[in-house]
Amino acid sequence: MLSMRLTRRPMVAGLALLLGGAMAVAASAAEAPLTLEAAVQQGLARAPQMEARAADGTAAREEAARAGQLPDPVLTFGLANFPVTEPGAFSLRSDGMTARTVGVMQAIPSRSARRAERDLAGARIDAAQADRVAAEQSVRERIADAWIDAWLVEQQRILLADLHDEAALAVRIAQARLRGGEGSAVDALAAQAELAALDNRLEAVAADRLAAQAGLQRWLGTPPGALAATKDFSRLPVAAERLVSAIDQQAPLQAWAAREQLAQAALDQARAARRPDWSVSASYGRRAPGLSDMVMLEVGVSLPLFTRNRQDRGISASQAQRDAVQADHEDARRAQREAVTRALAAWQGWEQQIARYRQTLLPLARDRAHIALAGYRGGGPLQPWLDARRAEIELRLGYADALAAHARLWASLAYLLPSEVTP
């Protein structure tokens, strides 16, 4: 029995190790790198701005449900034909016409006024929907910018870390030449200073990485973890020609269309004020004992007779406001077309510059640094390598800035059209 127990323990330990390894592999597979699309979807689902815009839409629909309804009836109480002078002053029984009354009155706005109120409520629903679309576009772009910031810092880290081994090699070569009596202490110190400067840059990038992750966490609600290594920013989700032609469908312009609808609905409501409103009232009067009770019915109608300085002024004001909104809408349309055209041109320009960086500038800088370091190893001066090294670092950082500008322009163009109309 003792031998069987001793043989089982290694088996159990082995199974535990295998199980633990399998769980670790599964956990790492479950934590897939965060892509830009996934970040936008997660952030959009958790954005408080979208909850606020949804609440605005609910409020507008609730208001529209009661628009155009008749006002609440009014219950009235009072005295009719109550004497206040002699004979019989302040007596409920001295005059047979005195009656205690109870009644109800109902105001009936004109049909045009109620229709205009319903149209205005419908325009407010459209305005709330347009605000939701504009907010969604803004949130998607801001989340993409946050992801791009974190992605850019990672690209900077890779570009600079790729030079660390060469800098350390230059330090070793300078020290070896110094020990061999061929080099100088100045060269050794310069090589060490260059390595320290690179380490400083990497430390700054590490701090920027934490800051960028905090910015992305602001949208995701949780730490973002690892990001997807690559993202193709050279292709837009919609054709560039469609972005220029579909200006009115873009999210920033939808808000203007809704404002124009609101201005038109307000004008219709002002015009409806020229139509008379009606009212109906009925009351029951109870008189002294022995006298018959009485019923009174009344129908009232408003008389918009002096419209020149009343309703007509309101119509003129509303029409001027509508014209102003239409003019501002046209100006916003032109500005949006200009902004889209400029962004497309800049995005395409950065794409060409990035291609030149990759195909020409970066390889040339790398070759220059390699040749300069090889020359120093063969007995040449250190300064050519230092110059080539610094030029290459600045070039790589410029390349990272180009990637950032290209990616941010992509984000500003990719989310212009609402998600429901994006193919």
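The values are calculated or read from the model by the stated rules, or taken from the named source; none is laboratory data. Model, not experiment: these values are computed from the prediction. With ideal geometry, Cβ positions are generated from the backbone for all residues, glycine too; neighbour counts draw on all protein chains shown.
Just to be sure I understand the filter: pairs with C-beta atoms under 9 Å, separated by 6 or more residues or on different chains, first member in the range 281-303 and on the phi < 0 side of the Ramachandran plot, second member surrounded by 11 or more Cβ atoms within 10 Å (Cβ to Cβ) and aromatic (Phe, Trp, Tyr). Which pairs pass?
293/284; 294/284; 295/284; 296/284; 299/278; 300/278; 301/278; 302/278
When residue 100 is evaluated against the numbered criteria (1) in contact with a Lys or Arg (Cβ under 7 Å, 6 or more places away or on another chain); (2) part of a helix (DSSP H, G or I), which criterion, by number, is the only one it fails?
(2)
For the range 178-188, which residues satisfy the criterion of being of a type outside the set (Gly, Ala, Ser), part of a helix (DSSP H, G or I) and either surrounded by 13 or more Cβ atoms within 10 Å (Cβ to Cβ) or modelled with pLDDT under 90 (or both)?
Of everything in the range 178-188, those that are of a type outside the set (Gly, Ala, Ser), part of a helix (DSSP H, G or I) and either surrounded by 13 or more Cβ atoms within 10 Å (Cβ to Cβ) or modelled with pLDDT under 90 (or both) turn out to be 178, 179, 187.
Among the listed residues 150, 123, 128, identify the single one that is under 17 Å from the mean Cα position of the chain (by Cα) and assigned to a helix (DSSP H, G or I).
128
Only one residue in 390, 396, 368, 342 is of a type in the set (Lys, Arg), loosely packed, with under 13 Cβ neighbours inside 10 Å and assigned to a helix (DSSP H, G or I). Which one?
342 is the lone residue from the list that is of a type in the set (Lys, Arg), loosely packed, with under 13 Cβ neighbours inside 10 Å and assigned to a helix (DSSP H, G or I).
Please find, among 213, 192, 175, the residue that is under 30 Å from residue 32 (Cβ atoms) and either β-branched (Val, Ile, Thr) or in a helix (DSSP H, G or I) (or both).
213 is the lone residue from the list that is under 30 Å from residue 32 (Cβ atoms) and either β-branched (Val, Ile, Thr) or in a helix (DSSP H, G or I) (or both).
Within the range 271-282, which residues are in a helix (DSSP H, G or I) and surrounded by fewer than 21 Cβ atoms within 10 Å (Cβ to Cβ)?
271
Here is a list: 174, 191. Which entry is over 30 Å from residue 254 (Cβ atoms), in contact with an Asp or Glu (Cβ under 8 Å, 6 or more places away or on another chain) and in contact (Cβ under 8 Å) with a residue 24 or more places away in the chain?
Checking each option against the conditions leaves just 174.
Please tell me if residue 129 is of a type in the set (S, T, N, Q), crowded, with 17+ Cβ neighbours inside 10 Å, closer than 30 Å to residue 227 by Cα and in contact (Cβ under 8 Å) with a residue 12 or more places away in the chain.
No.
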